[in-house]
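Just so you know, all these numbers are worked out from the coordinates, no wet-lab data involved. The model shown is predicted, which means the values in this text are computed figures rather than measured ones. Using ideal geometry, Cβ is built from the backbone for each residue, glycine included, and neighbour counts are taken over all protein chains shown.
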Amino acid sequence: MAQNAEEELAVDDLCHVIEYFHLSISRTQYERLTELAGQLGVADLPQLIDLEPSLGD
């Protein structure tokens with residue numbers, strides 16, 4: 001999706017998958033995800049910001 005200029009949808013879908021399956025992500029994984037979202041210009045998505053409370057170790 002990101003390669004087809006649908007960056008926001010790509011990050012949004014990934015966040016929904018993480019949330020739907022109640023996946024824990026490490027702080028490193030979260031930071032990497034937010035870094036990539038920033039590079040794509042979509043770091044301010046509420047779905048991405050909402051992931052932080054569910055961080056694992």
Simple SL model, points at 7 angstrom along Cα→Cβ for residue 22 and residue 49; separation in nm is 2.6 nm
Go through the range 34-44 residue by residue and turn each phi into a ³J(HN,Hα) via Karplus (6.51, -1.76, 1.60, θ = phi - 60°); whole Hz please, and just put x for glycine and proline.
-> 5, 5, 5, 4, x, 5, 8, x, 10, 5, 9
Could you give the dipole magnitude of the range 8-57 about its Cα centre, charging the beta-carbon of Lys and Arg +1 and that of Asp and Glu -1, in debye to the nearest 20?
-> 140 debye
Amide H neighbours of residue 25 under 5 Å, at least 5 residues apart or on other chains, H built in the peptide plane: list them.
-> 56
Taking every other residue with Cβ under 11 Å from the Cβ of residue 41 and scoring Lys and Arg +1, Asp and Glu -1, one gets -3
